[in-house]
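Colleague: Dropping a structure here in structure tokens format, bear with me for questions.
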Ligand code: NAD
């Protein structure tokens, strides 16, 4: 048994508290089967932390995150408490973690297997076989640019401004990451911008072309964001790696997620610029869904996205590719056997969150022993 990997665990609000324990269960199953130990340190963030400590995340907990090999997260938020005037917002926890851990690359893999294709809202033949990753730049762009403010001019007209700012270093880092990733997959990158209108996008495209020249084995195409919004629905199978800036990525990743039909299936990874002690990137792993207050506490949330986030953690922050693949195959088997929660199994007996986690953990142990 090797020295334990230190994982910070933040279930957060709502169904985060139900799905994250199933991801921990999957990690323990693969750890037991393959001889790895995990040291989990659980902490609060979001509304649960505001209620307990008066802050969305404590400084000492952020320090624990920084010293971990990786962070496993559930969800934050509760729309029932969404009043504009609330002074401390739960989203601050995520923004602080992203900024302080320099999590610059958000990865959202979208794979539509034959068993998932019927769940998609799109025609089955259009989506079956989709296997793409959206790489979204996460620490720059309009969500962080200054000035960002509103005011009233002398005529009483209310005005507001946000600033879309990117540096050469930020763009080069994310495009290089996308090209490296493409090398391990289909060797194709679609770089998304709005270069016909925005200066920041013209710089983005210029640097994307410079970086592409360093990767002659990777095909890099440039697609305008409005065209990409259309192509993701019309020809999603054409894409391998899609890379884009923060706000375009925010929108396109939600669109891409819909290709699979259930929000409970999709994991995500946010990777840092720094290496952890295992020699891999420090990363933050979370399902793409939110806290789902409409089903929280009922024990019916699909734990798949959280468990697949744990698989991404094994691959990207611990370098355990074989183990990650075992977890992914165990999830695929459970879905193939239709041993799943009600969002997937609509015409038969559905499992609870815990039952589905148990099935996947058992499949992991079986696959690892084979
Ligand atoms: P949501 O993802 O929480 O829920 C959308 C719909 O999908 C709901 O009907 C929900 O029941 C269903 N759903 C979500 N996850 C599911 C799962 N694992 N299994 C089965 N069904 C699932 O989005 P929302 O309702 O727009 O947002 C709820 C709260 O979550 C808001 O406060 C929002 O700000 C927050 N949010 C947080 C994150 C995050 O923490 N990263 C992401 C998105 C939304």
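So that you can scan it fast, the table gives a plain yes or no per residue for (1) part of a strand (DSSP E or B); (2) over 24 Å from the mean Cα position of the chain (by Cα); (3) at pLDDT 95 or above:
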{"residue": "121", "(1), (2), (3)": "no, no, no"}
{"residue": "132", "(1), (2), (3)": "yes, no, yes"}
{"residue": "147", "(1), (2), (3)": "yes, yes, yes"}
{"residue": "160", "(1), (2), (3)": "yes, yes, yes"}
{"residue": "173", "(1), (2), (3)": "no, no, yes"}
{"residue": "179", "(1), (2), (3)": "no, no, yes"}
{"residue": "182", "(1), (2), (3)": "no, no, yes"}
{"residue": "191", "(1), (2), (3)": "yes, no, yes"}
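Colleague: So residue 36 passes all but one of these: (1) more than 30 Å from residue 169 (Cα to Cα); (2) within 15 Å of the ligand (Cβ to nearest atom); (3) surrounded by fewer than 21 Cβ atoms within 10 Å (Cβ to Cβ); (4) touching a residue at least 40 places away in the same chain (Cβ under 8 Å). Which condition number does it fail?
Modeller: (2)
Colleague: Same structure, new question: Search the range 134-143 for residues being modelled with pLDDT under 95 and buried (at least 21 other Cβ atoms within 10 Å of the Cβ), and hand back the single one that is farthest from residue 169 (Cα to Cα).
Modeller: 138
Colleague: Can I ask one more? Return the only residue of 146, 100, 168 being surrounded by fewer than 19 Cβ atoms within 10 Å (Cβ to Cβ), within 17 Å of residue 271 (Cα to Cα) and in contact (Cβ under 8 Å) with a residue 12 or more places away in the chain.
Modeller: Numbers: 146 fails: within 17 Å of residue 271 (Cα to Cα); 168 fails: within 17 Å of residue 271 (Cα to Cα).
Result: 100 is the single residue among 146, 100, 168 that is surrounded by fewer than 19 Cβ atoms within 10 Å (Cβ to Cβ), within 17 Å of residue 271 (Cα to Cα) and in contact (Cβ under 8 Å) with a residue 12 or more places away in the chain.
Colleague: Kindly provide the set of residues from the range 285-304 that are more than 10 Å from the ligand (Cβ to nearest atom) and in contact with a helix residue (DSSP H, G or I) (Cβ under 6 Å, 6 or more places away or on another chain), ordered by number. Give the steps one after another, and end with the answer.
Modeller: In the first step, residues of the range 285-304 are kept if they are more than 10 Å from the ligand (Cβ to nearest atom); the result is 285, 297, 299.
Those that are more than 10 Å from the ligand (Cβ to nearest atom) and in contact with a helix residue (DSSP H, G or I) (Cβ under 6 Å, 6 or more places away or on another chain): 285, 299.
A quick yes/no check of all residues on (1) under 30 Å from residue 188 (Cα atoms); (2) within 16 Å of the ligand (Cβ to nearest atom):
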{"position": "94", "(1), (2)": "no, yes"}
{"position": "101", "(1), (2)": "yes, yes"}
{"position": "115", "(1), (2)": "yes, no"}
{"position": "130", "(1), (2)": "yes, no"}
{"position": "146", "(1), (2)": "no, no"}
{"position": "161", "(1), (2)": "no, no"}
{"position": "164", "(1), (2)": "yes, no"}
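Colleague: Looking at (1) crowded, with 19+ Cβ neighbours inside 10 Å; (2) within 16 Å of the ligand (Cβ to nearest atom); (3) more than 27 Å from residue 9 (Cα to Cα), find the lone condition where residue 243 falls short.
Modeller: So the condition that residue 243 fails would be (2).
Colleague: Read through the list (1) assigned to a helix (DSSP H, G or I); (2) away from the ligand (no atom under 15 Å from the Cβ), then give the number of the only condition that residue 354 fails.
Modeller: (2)
Colleague: Looking at 345, 359, 327, which is the one that is within 16 Å of the ligand (Cβ to nearest atom), modelled with pLDDT of 95 or more and out of contact with any strand residue (DSSP E or B) (no Cβ under 9 Å at 6 or more places or on another chain)?
Modeller: Answer to the check: 359.
The values are calculated or read from the model by the stated rules, or taken from the named source; none is laboratory data. These figures come from a predicted structure and were not determined experimentally. Note: ideal-geometry Cβ built from the backbone for every residue, glycine included; neighbour counts use all protein chains shown.
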